[in-house]
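Working notes for the structure below.
The values are calculated or read from the model by the stated rules, or taken from the named source; none is laboratory data. Given the structure is predicted, the values throughout are model-derived calculations rather than measurements. Here Cβ is always computed from backbone atoms with ideal geometry, including for glycine, and neighbour counts include all displayed protein chains. What goes into the accessible areas is simple: the full protein's heavy atoms, side chains included, and nothing from ligands, DNA or RNA. Shrake-Rupley method; radii C 1.70, N 1.55, O 1.52, S 1.80 Å.
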Amino acid sequence: MALFHDLQALHAVHAVDSKILRARKEIAALDTGSGLAAEYNAAKAEAERLRAAAVKAQAEQHDGEMRLQSIEDKTKQVQKTLYSGTVAGPRELENLQKEIEMLGRQRGDAEETVLLAMDVAADRTKAADAAQAALDALAVRYRAVRNRYKERHAALTAEIATLETEHAVAAKPVPAALLTRYEGLRAKKGGIGAAVVDADGTCGACHTRLNTGLVDDAKAAASVQVCEYCGRILIPASFAAHG
Ligand SMILES: [Zn+2]
């Protein structure tokens with residue numbers, strides 16, 4: 001019954017290794033925040049584009065206002081001349097009146113341009129502000145995800161380190177040849193080198209119903225038996241209970 005005790009010891013190693021595997025899988029499944037980072041970068045580019053468009057529209061509005069101001073100044077100047085009493089004759093009077101009419105038309109166009117520019121600038125500023133707010137919210141979410149990731153990653157890494165120590169302790173009583181065989185299978189088969197045979201004769205790793213003769217041989221523990229489907233070392237569930 002020497003093998004019975006060896007398999008019992010191996011079961012303890014397998015139990016620890018299952019926990020290590022679960023922790024490693026959890027680390028692999030953690031959200032690193034890379035998806036949010038990509039989303040943030042795209043949103044940042046869009047926010048910058050919208051901000052530049054808003055700044056351009058504000059500059060155009062300002063230009064329009066300056067032009068309107070200069071037309072108004074010019075009009076005042078001409079009106080001042082017109083009513084100053086220094087106008088020499090009807091020809092000059094006519095010219096000044098024509099100039100005022102022309103300035104009036106220019107003023108109308110300039111006012112329309114300014115009103116349109118104000119609308120555009122207001123819309124674009126609103127869009128840029130909204131994009132910035134969305135970007136800020138994304139940054140908050142990203143930081144939260146990163147913090148959760150770092151926290152969970154550190155906890156799982158510490159857990160794995162503890163389990164590795166437990167693994168080393170549990171592996172000591174297992175004969176070298178059996179342990180080497182187990183570790184080889186574990187490395188080759190996704191971190192699981194052994195399989196507990198359930199009460200109904202199913203392989204605990206690949207969940208295939210095993211041949212009853214094979215289950216009996218595994219229970220007899222005269223020699224090491226492996227799952228006929230996945231090749232892992234079979235340990236009857238009853239062996240674990242003795243540990
Ligand atoms: Zn199997």
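Values as computed for the structure displayed
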read-out: Sole exception among (1) open to solvent by less than 60 Å² (accessible area, probe 1.4 Å); (2) within 16 Å of the ligand (Cβ to nearest atom); (3) part of a helix (DSSP H, G or I) for Leu178, by number; value: (2)
read-out: Subset tally (residues that are open to solvent by 30 Å² or more (accessible area, probe 1.4 Å) and either in a helix (DSSP H, G or I) or within 11 Å of the ligand (Cβ to nearest atom) (or both)) for the stretch 214-224; value: 4
read-out: Residue among Ala133, Ala128 that is outside the structural domain of Leu21 (by TED's automatic domain parsing), over 30 Å from Ala12 (Cα atoms) and surrounded by 14 or more Cβ atoms within 10 Å (Cβ to Cβ); value: Ala128
read-out: Residue check for Ala154: within 16 Å of the ligand (Cβ to nearest atom) and either open to solvent by less than 80 Å² (accessible area, probe 1.4 Å) or of a type outside the set (A, V, I, L, M) (or both); value: no
read-out: The stretch 193-212 - residue that is over 15 Å from Ala240 (Cβ atoms) and in a loop (DSSP other than H, G, I, E, B) and, of those, nearest to the ligand (Cβ to nearest atom); value: Cys206
read-out: Output for the stretch 49-85, where each listed residue is free of Cβ contacts under 8 Å to residues at least 12 places away in the same chain, open to solvent by less than 70 Å² (accessible area, probe 1.4 Å) and of a type in the set (Ser, Thr, Tyr); value: Ser70, Ser84
read-out: Of all residues in the stretch 36-48 being within 14 Å of the chain's Cα centre (by Cα) and open to solvent by less than 50 Å² (accessible area, probe 1.4 Å), the one that is nearest to Asp129 (Cα to Cα); value: Ala43
read-out: Residue within the stretch 135-142 that is β-branched (Val, Ile, Thr), within 30 Å of Gly33 (Cα to Cα) and out of contact with any Ser or Thr (no Cβ under 6 Å at 6 or more places or on another chain) present; value: yes
